[in-house]
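Q: Please see the structure below; I have some questions.
The values are calculated or read from the model by the stated rules, or taken from the named source; none is laboratory data. The shown structure was predicted, so the numbers you read here are calculated from the model rather than taken from an experiment. As a convention, Cβ positions derive from the backbone with ideal geometry for all residues, glycine included, and neighbour counts pool all protein chains shown. Heavy atoms of the whole protein, side chains included, go into the accessibility calculation; ligands, DNA and RNA do not. Shrake-Rupley method; radii C 1.70, N 1.55, O 1.52, S 1.80 Å.
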Amino acid sequence: MQAVQSPQRSSAPVVFPRVGMLTSERWLIGVHVMSALFALSIGILMGPFQTFRRAPAFVQAFPDWQIPVFSYYYQALTMHGVMNALFFTTFFIVGFSYFVTQRSLQRPINQTMGWIAFVLMFIGLGLILYAIWTNQANVLYTFYSPMLAHPTFYLGLVLLAVGSWVAGAAIFMAYIAWKKEHPGERVPLAVFAILVNQIMWQICTLGVAIEILVLLLPASLGFLFVTDVQVGRALFWFFGHPLVYFWLIPAYVSWYTMLPTQAGGKLFSDSLGRVAFLMLLIFSLPVGVHHLYADPGVSAVSKGIHTVLTFVVAIPSFMTAFNVGASLEYAARKRGARGPLSWLFHQKWGDPVVVAQLGGMILFIMGGFSGLINASLTLNIALHNTAWIPGHFHMTLGGAVTLTYIGITYWLLPMLRGRALYSDKMALAQVWTWVVGMLIFGHGMGTAGIAGAPRRTDLGAVPYLNDTMIFWLNSSAIGGFVLLISSILLYVNIVGTLAFSTKPYDYEPPIAHRGDPNSPLWLERWGLWIGITLFLILIAWAPVFVESLNFVDGFNAPFFDPARPSPITP
Ligand code: HAS
Ligand code: CU
């Protein structure tokens, strides 16, 4: 990595502060990043072992293979999904959002609120680890009813959500205070996006909060014995789709507001970025039924409405591809790239921070297009319960999002520690093994899924696999093995940076203090955008909940506890 030498010349409003952070700021952000990396270290390790279990070649070679937790399929899969998708992401997003907000607005985040939020989320992590580790929560990261987990699992989720709400409130407060002092000024694009993310999050988590507090927690405490499965699933996916953009937006913050400078250029259009983020706010919420296409309790009309809106929500990502792509092209041409495609090769391919983000984009091209295939109602019916879907989300969440977060970690962690990254070469090797491993894994899963291999099933020893499925499941395990190597490289470098790095930190992250004065101020009319969002939610979701409630006659599905069947099933 190279130090950023000078402010961006061509865009006047952008200035870089000295890095000097208060110790209290460092600690608050540091504990979030470390907790995220801790959750990831558990979740990430479970992944390759899942791929081994699902590979017939592996199961034949090691038929007696047993390691507690790792080899219990649903326990390990729950640990994998919950740690990676819910805890790693949320801790990282909160820590990164604090960093961006306070450095960009040059005002501190309320420390008391920040620490309260952290403690809540951290206790949540502990409770959930207890529930899964003791084999009392084999419900996967989507925790669909009528499966039931130990109360500590749901309490852990509640604390994670409440903690993240407090964190969001602290960010809103910083923005409101900044706005009072800077009337008529544009908020920097990075903070604009963080605000969009927090608004979307505060709205969507209401769905899952109702699901947990009304349907699941009372049942796991023994007060409720029956449920309505369709209502539970609708509440979950009201939250579940915006959740994926909650993960994506911080990665986009880096692609839009940091990568252009890191790559040696500038962002093509600040205003276009703002429009893309606003579209993500407005259209992320009314599309969740694309996860319920195979559900009998939602009408074809509702499915149709959500299909159309799902195609609309992909548009801001196409806009991002254009905007960020143009910025990368600008950077490369500034360095002398000629011809139509040579800009692709003139990137900073030796800088792990840049390469991690470019690698994320390469994976996201596959992830995004597979998402558009999922979005088509008819194609989805053929793919919904197959390995294709994990193929899709490992390219998006495991690819674009995780790799970008890793790229951010490669400068943020050294900055918080005050020491340079332990090894840039190791980081580069880590990024490339991640890209290659994820491509092999995702392609294997996708193709096995098209051939009919189911998802969420322990496949290694089942008798019904055909040769195509066997080949691609084995291939996925090779991808899993490459990802295992990548994960080891990641953690060796993290420990090295924290404990053994002796080089001083010399990398100044590109943080803008002011928004582009050319971007229209009306884009910051939050009341208007929230109003439109709520209106669309009403149109898109009210019929779904009415249909779901009417689908079966009241709450009549008995709960099922996969770990402890007897005490709760009536
Ligand atoms: Fe998805 C299921 C549709 C995006 C995550 N998705 C999932 C699940 C997860 C997930 C976790 O319609 C599984 C949930 C479960 O457990 O059941 N998804 C979409 C669509 C998009 C999409 C239309 N998904 C994401 C993102 C995720 C994510 C982002 C996580 C972060 N997804 C679905 C559907 C399902 C689904 C159905 C349900 C399936 C089922 O049946 O269960 C779109 O938003 C995607 C738009 C993205 C693009 C790509 C743009 C490319 C870019 C890169 C630019 C490259 C450049 C070149 C500039 C159109 C921005 C770089 C230059 C170099 C030199 C490298
Ligand atoms: Cu979705």
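Q: Can you name every residue in segment 96-135 that is open to solvent by less than 10 Å² (accessible area, probe 1.4 Å) and closer than 14 Å to A39 by Cα?
A: M121, G124, L125, I128, I132
Q: Checking the structure you have, find out if any residue of segment 41-60 is open to solvent by 10 Å² or more (accessible area, probe 1.4 Å), closer than 24 Å to H291 by Cβ and in a loop (DSSP other than H, G, I, E, B).
A: Looking for residues that are open to solvent by 10 Å² or more (accessible area, probe 1.4 Å), closer than 24 Å to H291 by Cβ and in a loop (DSSP other than H, G, I, E, B), one finds at least one in segment 41-60, hence yes.
Q: Of these, V436, V431, which one is part of a helix (DSSP H, G or I), more than 8 Å from ligand 1 (Cβ to nearest atom), surrounded by fewer than 21 Cβ atoms within 10 Å (Cβ to Cβ) and of a type outside the set (G, A, S)?
A: V436
Q: Kindly provide the set of residues from segment 97-112 that are over 15 Å from G515 (Cβ atoms) and touching a residue at least 24 places away in the same chain (Cβ under 8 Å), ordered by number.
A: S97, Y98, F99, Q102, R107, P108, I109, N110, Q111
Q: Further question on the same structure: Within the group S370, S327, S342, S376, which residue is more than 16 Å from ligand 2 (Cβ to nearest atom), polar (S, T, N, Q) and more than 25 Å from E508 (Cβ to Cβ)?
A: Within the list S370, S327, S342, S376, the selection yields S342.
Q: Identify the single condition in (1) closer than 30 Å to S35 by Cβ; (2) open to solvent by less than 40 Å² (accessible area, probe 1.4 Å); (3) not hydroxyl-bearing (S, T, Y) that F481 does not satisfy, given that it satisfies every other one.
A: With (1) closer than 30 Å to S35 by Cβ; (2) open to solvent by less than 40 Å² (accessible area, probe 1.4 Å); (3) not hydroxyl-bearing (S, T, Y) applied to F481, the lone miss is (2).
Q: Something else now. Could you check segment 270-309 and list, in sequence order, the residues that are over 30 Å from P517 (Cβ atoms) and away from ligand 1 (no atom under 11 Å from the Cβ)?
A: Answer for segment 270-309, where residues must be over 30 Å from P517 (Cβ atoms) and away from ligand 1 (no atom under 11 Å from the Cβ): L285, P286, P296, G297, V298, S299, A300, V301, S302, G304, I305, V308.
Q: Any residue that is away from ligand 1 (no atom under 16 Å from the Cβ), part of a helix (DSSP H, G or I) and within 25 Å of F283 (Cβ to Cβ) - is there at least one of those in segment 223-232?
A: yes
Q: Next up: Out of curiosity, is A117 free of Cβ contacts under 8 Å to residues at least 60 places away in the same chain and under 30 Å from G515 (Cα atoms)?
A: When the stated conditions are applied, A117 passes them.
Q: Go through (1) among the aliphatic types (A, V, I, L, M); (2) under 30 Å from W255 (Cβ atoms); (3) surrounded by fewer than 24 Cβ atoms within 10 Å (Cβ to Cβ) for M147 and report which single condition fails.
A: Failing condition for M147: (2).
Q: I'm checking my understanding of the structure. Among residues of segment 441-466 that are β-branched (V, I, T) and surrounded by fewer than 19 Cβ atoms within 10 Å (Cβ to Cβ), which one is modelled with the highest pLDDT?
A: I450
Q: Another question about this same structure. Working only within segment 68-87, note down all residues that are under 16 Å from I44 (Cβ atoms) and not in a helix (DSSP H, G or I).
A: Within segment 68-87, V69, F70 qualify.
Q: Residues being open to solvent by less than 80 Å² (accessible area, probe 1.4 Å), part of a loop (DSSP other than H, G, I, E, B) and polar (S, T, N, Q): count how many of those fall in segment 497-533.
A: Residues flagged as open to solvent by less than 80 Å² (accessible area, probe 1.4 Å), part of a loop (DSSP other than H, G, I, E, B) and polar (S, T, N, Q) within segment 497-533 amount to 2.
Q: Going by what's in this entry, would V353 be described as in a helix (DSSP H, G or I), open to solvent by less than 20 Å² (accessible area, probe 1.4 Å) and either of a type in the set (S, T, Y) or near ligand 1 (Cβ under 9 Å from one of its atoms) (or both)?
A: For V353, the condition - in a helix (DSSP H, G or I), open to solvent by less than 20 Å² (accessible area, probe 1.4 Å) and either of a type in the set (S, T, Y) or near ligand 1 (Cβ under 9 Å from one of its atoms) (or both) - is not met.
Q: Could you please find all residues in segment 213-237 being open to solvent by 10 Å² or more (accessible area, probe 1.4 Å) and among the β-branched types (V, I, T)?
A: If the condition is that a residue be open to solvent by 10 Å² or more (accessible area, probe 1.4 Å) and among the β-branched types (V, I, T), then V214, V226, V229, V231 are the ones that fit.
Q: Separate question: Any idea how many residues of segment 365-403 are among the hydrophobic types (A, V, I, L, M, F, W, C), closer than 24 Å to L489 by Cβ and open to solvent by less than 40 Å² (accessible area, probe 1.4 Å)?
A: Going through segment 365-403 one residue at a time, the tally reaches 5.
Q: From the set of residues in segment 280-309 that are part of a helix (DSSP H, G or I) and either hydroxyl-bearing (S, T, Y) or free of Cβ contacts under 8 Å to residues at least 40 places away in the same chain (or both), which is surrounded by the fewest Cβ atoms within 10 Å (Cβ to Cβ)?
A: Only one residue tops the list, namely A300.
Q: Take the residues of segment 1-57 that are among the basic types (K, R) and at pLDDT below 90: which is nearest to D467 (Cα to Cα)?
A: R26
Q: Conditions first: (1) within 15 Å of ligand 2 (Cβ to nearest atom); (2) touching a helix residue (DSSP H, G or I) at 6+ places or on another chain (Cβ under 7 Å). I406 passes all but one, so which condition is the exception?
A: Going through the list (1) within 15 Å of ligand 2 (Cβ to nearest atom); (2) touching a helix residue (DSSP H, G or I) at 6+ places or on another chain (Cβ under 7 Å), I406 breaks only (1).
Q: What single numbered condition from (1) within 14 Å of ligand 1 (Cβ to nearest atom); (2) in contact (Cβ under 8 Å) with a residue 12 or more places away in the chain; (3) open to solvent by 40 Å² or more (accessible area, probe 1.4 Å); (4) not hydrophobic (A, V, I, L, M, F, W, C) fails to hold for Y422?
A: (1)
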